[in-house]
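Everything below concerns the one structure shown next.
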Amino acid sequence: MMDKVQDIDLDSIHSFSDMMNQLINSGGFMGRYIGHAYKIWSEMLERRGEITIFMSFPADIMATGLRGVIREIVRRRWVDVVITTCGTLDHDLARSYRDYYMGEFDMDDIKLRDSEIHRLGNILIPFDSYGGVIQEVMSRFLNDLKSRGVEDISTYELCSELGRFIDSESSVLTWAYKKNVKVIVPGIYDGAVGYQIWVFQQFNKNFRLNLFKDEKLLSDYVYNAKSTGGVIIGGGISKHHLIWWNQFREGLDYAIQITTAIEYDGSLSGARLSEAVTWNKVGKYANHVSIWGDVTTILPFIVKALMEAGH
């Protein structure tokens, strides 16, 4: 029997969670799937003691106000493991010490470059809010590790130590350190923080990043989990690393994906989660949903609704 489409009754909506519950029955396009994502995440949190939750996302969102939403997810320890890219470390560090600014997509990029301003979409980043401050902080941080005799370190240990060193209430890494949320960066050298590590290694040959430790940690989480869930924002290496490891336990039991990529070019980033079922990366009977939309307009509402629901 088919479920009928129900109109959204605005008069009966008094909270974000009310809105989510109505979206589920609205039947229309992405709105319904946003409601389903809320329900899936809520179920994961209700089973928090018996489920290991992974989250993946790219770096660009950390340059936006969505950083505050990611920070709240980590602060509430709604996830156990974050898998992301080096740029996340770059932007989190930089914004802990400097400001980013609002711009537009259609600005004069040559003029911006001449004014020493980077453009990331419609976010403006002055040169001195990025490269210089990252270089200065990373130099102090890496020499601090050296003074303590640290020579072999995984990316999750590095991120924890960096969060401790930054020591900012605004920093996602600081909250990950405080809440023991593991942050893993498979492509650690692909960014400003990674480059500063590479430079440091040219003069400190015994210092090395041990990525084997990261994979061992992921292996332990996957094989010891009673069940697993994934919150997947965007695609790329972060998404693939999350679903890759979960294939070894017959796939994720719960999964939410928010992406703007399309599936028609065969890309991983645009692939539906149902495609991952064929690769054992999402379970055959998993509760999952894929949403096509800009995460900056979707995630804040889902997270606020979950907060209102008492999670």
Only one of S227, S154 is small (G, A, S) and closer than 30 Å to E46 by Cα. Can you tell me which? S227
Among the numbered criteria (1) among the hydroxyl-bearing types (S, T, Y); (2) within 18 Å of the chain's Cα centre (by Cα); (3) part of a strand (DSSP E or B), which single criterion is violated by T297? (3)
Report yes if I256 is crowded, with 21+ Cβ neighbours inside 10 Å and in contact with a Ser or Thr (Cβ under 6 Å, 6 or more places away or on another chain), otherwise no. no
A37 closer than 27 Å to Y156 by Cα, buried (at least 18 other Cβ atoms within 10 Å of the Cβ), in contact (Cβ under 8 Å) with a residue 12 or more places away in the chain and in contact with a helix residue (DSSP H, G or I) (Cβ under 7 Å, 6 or more places away or on another chain): no
Report, by residue number, each residue of region 161-176 that is under 17 Å from R208 (Cβ atoms) and not charged (D, E, K, R). L162
The condition of being assigned to a strand (DSSP E or B), among the charged types (D, E, K, R) and either within 29 Å of M20 (Cβ to Cβ) or in contact (Cβ under 8 Å) with a residue 24 or more places away in the chain (or both) holds, among K239, K304, K284, only for K284
Region 206-220, subset of a type outside the set (D, E) and either buried (at least 20 other Cβ atoms within 10 Å of the Cβ) or modelled with pLDDT under 95 (or both), residue farthest from N246 (Cα to Cα): L209
Restricted to region 230-248, and to residues that are aliphatic (A, V, I, L, M) and surrounded by 24 or more Cβ atoms within 10 Å (Cβ to Cβ), which residue is nearest to K39 (Cα to Cα)? V231
Considering every residue within region 253-264, establish whether at least one is of a type in the set (S, T, Y), modelled with pLDDT under 95 and not in a strand (DSSP E or B). yes
Take the conditions under 28 Å from D220 (Cβ atoms), under 13 Å from the mean Cα position of the chain (by Cα) and part of a strand (DSSP E or B) and apply them to I70. Does it pass? no
Answer yes or no as to whether D18 is out of contact with any Leu (no Cβ under 7 Å at 6 or more places or on another chain), assigned to a helix (DSSP H, G or I), farther than 30 Å from K226 by Cβ and acidic (D, E). yes
Report whether or not G251 is surrounded by 21 or more Cβ atoms within 10 Å (Cβ to Cβ), without any contact (Cβ under 8 Å) to a residue 60 or more places away in the chain and either among the small types (G, A, S) or touching a Cys at 6+ places or on another chain (Cβ under 9 Å) (or both). yes
May I ask you to list the residues in region 113-157 that are closer than 27 Å to D214 by Cα, surrounded by 16 or more Cβ atoms within 10 Å (Cβ to Cβ) and either without any contact (Cβ under 8 Å) to a residue 12 or more places away in the chain or over 24 Å from the mean Cα position of the chain (by Cα) (or both)? L142, L145
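The values are calculated or read from the model by the stated rules, or taken from the named source; none is laboratory data. Keep in mind that this is a model prediction, so the values were computed, not measured. Neighbour counts are summed over all protein chains in view; Cβ atoms, including those assigned to glycine, are modelled from backbone coordinates with ideal geometry.
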